[in-house]
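Notes follow the structure.
The values are calculated or read from the model by the stated rules, or taken from the named source; none is laboratory data. Treat the numbers as computed from the prediction; the structure is a model and nothing was measured. FYI the Cβ positions are ideal-geometry reconstructions off the backbone, even for glycines, and counts take in every protein chain you see.
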Amino acid sequence: MNEEKMWDIIIVGAGPAGLTAAIYTARGGKRVAVIGDKYDSQLAMSGRLENYPGFEGEGIDLVVKMEEQAKKWGAEVIPARVLDLERHNDIFRANTLDEVYEGRALVIATGASPRRLGIPGEDKLLHRGVSYCAVCDGALFRDKNVLVLGYGNGAAKAAYYLSSFANVKILCTKKALRAEAVYIKGLDERGVDVLEGVDPIEIMGDELVEGIRYRFRGNEITERVDGIFIEAGAAPNNELALKLGLELDERGFVNVDHRCRTSMDGVFACGDITGGIRQVASAVGEGCIVGVSLTTMSSL
């Protein structure tokens with residue numbers, strides 16, 4: 001074991017939770033490696049952020065500032081993808097394509113990804129009119145007819161954003177569209193139609209999205225559209241947690257205690273990977289808990 005290459009803490013994931021944990025632990029004098037790309041985080045793709053205390057602006061700008069702050073305190077941020085995690089006695093190994101990183105403690109902050117609906121045409125037409133990110137792909141549909149398919153704040157926020165330059169309708173897959181009042185009011189002011197209780201059947205098209213088939217109030221409807229943005233919640237990025245053998249809940253999120261400790265000694269988890277309300281503020285809060293917990297660990 002090469003002590004010169006040994007990290008005190010390896011953090012997998014460069015979103016708000018992982019970077020907050022890095023800020024706290026690096027400030028606490030620990031040798032910290034963050035492995036991940038900030039541009040892959042949900043915060044980077046969230047568009048405008050209006051509910052994070054003290055900051056109102058683009059999500060990507062906030063995550064860039066977080067990374068800069070972590071680096072300022074000495075954390076090393078490595079924009080690579082971790083392919084595997086292993087434990088050898090009391091040492092953790094994070095394997096990337098080009099390097100193996102070893103540390104005495106491990107933080108899982110791998111977040112969550114958009115949940116797929118699993119209907120015909122969804123996978124086939126991905127990036128061909130089907131998207132999970134209105135902010136990323138919306139500009140391709142200027143002055144075109146698009147649908148937001150899903151529910152909750154995600155669907156309402158996506159539709160509100162798209163309505164500024166496209167013709168948009170929401171097909172809500174729940175009985176009612178429940179979202180923050182500011183989005184509901186905005187959708188109403190912009191005349192965005194909302195159909196609630198929709199059961200999607202199939203996304204139609206050969207090379208590009210051409211339309212969608214769905215059930216609504218007992219009727220089967222076919223509607224022609226140019227683009228479909230899916231906002232159906234999130235699925236945990238738990239592949240690495242599974243490989244390590246961490247305990248998960250029934251939805252596949254990592255179980256943690258009040259100190260964000262997992263079922264394995266020396267392994268912590270924070271942010272969307274633990275479930276919860278999937279907010280930037282809560283991710284930062286959990287990252288802070290992890291940071292304080294690790295900074296005070298006697299074994300580091």
**Item:** Checking D206 against (1) farther than 26 Å from K175 by Cα; (2) outside any loop (DSSP other than H, G, I, E, B), the condition it does not meet
**Value:** (2)
**Request:** Considering (1) at pLDDT 95 or above; (2) in contact with a Leu (Cβ under 9 Å, 6 or more places away or on another chain); (3) outside any helix (DSSP H, G or I), say which one L300 fails and leave the rest.
**Result:** (1)
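Could you tell me whether any residue of segment 101-124 is more than 19 Å from L240 (Cβ to Cβ), assigned to a loop (DSSP other than H, G, I, E, B) and among the acidic types (D, E)?
yes
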**Request:** Check G121 against each of (1) in the same structural domain as C288 (by the TED database); (2) surrounded by 22 or more Cβ atoms within 10 Å (Cβ to Cβ) and name the one condition it does not meet.
**Result:** (1)
**Item:** A234, sole failed condition from (1) at pLDDT 95 or above; (2) surrounded by 17 or more Cβ atoms within 10 Å (Cβ to Cβ); (3) more than 22 Å from I91 (Cβ to Cβ)
**Value:** (1)
**Unique residue being closer than 18 Å to Q42 by Cβ, without any contact (Cβ under 8 Å) to a residue 60 or more places away in the chain and out of contact with any helix residue (DSSP H, G or I) (no Cβ under 7 Å at 6 or more places or on another chain) when the list is R115, R142, R81** = R81
**Prompt:** Does any residue of segment 262-278 turn out to be part of a helix (DSSP H, G or I) and more than 15 Å from the chain's Cα centre (by Cα)?
**Reply:** no
**Residue match in segment 152-170 (condition: exposed (fewer than 15 other Cβ atoms within 10 Å of the Cβ), out of contact with any Ser or Thr (no Cβ under 9 Å at 6 or more places or on another chain), modelled with pLDDT of 95 or more and more than 17 Å from G47 (Cα to Cα))** = no
**Request:** Check whether at least one residue in segment 23-44 is hydroxyl-bearing (S, T, Y) and over 17 Å from the mean Cα position of the chain (by Cα), and report yes or no.
**Result:** yes
**Prompt:** Filter segment 56-77 for residues that are over 19 Å from the mean Cα position of the chain (by Cα) and surrounded by 14 or more Cβ atoms within 10 Å (Cβ to Cβ); which is nearest to E99 (Cα to Cα)?
**Reply:** E76
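For G211, state whether it is in the same structural domain as V146 (by the TED database), free of Cβ contacts under 8 Å to residues at least 40 places away in the same chain and not charged (D, E, K, R).
Yes, satisfied.
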**Item:** Criterion: closer than 27 Å to G271 by Cβ, of a type in the set (V, I, T), assigned to a strand (DSSP E or B) and touching a residue at least 24 places away in the same chain (Cβ under 8 Å) - qualifying residue of I230, I201
**Value:** I230
**Message:** Quick check on my filter: what residues within segment 156-181 are in a loop (DSSP other than H, G, I, E, B) and aliphatic (A, V, I, L, M)?
**Reply:** A166, A176, L177, A179
**Message:** Restricting to segment 165-187, count the residues that are under 20 Å from N145 (Cβ atoms) and either of a type outside the set (K, R) or not assigned by the TED database to the domain that holds G138 (or both).
**Reply:** 11
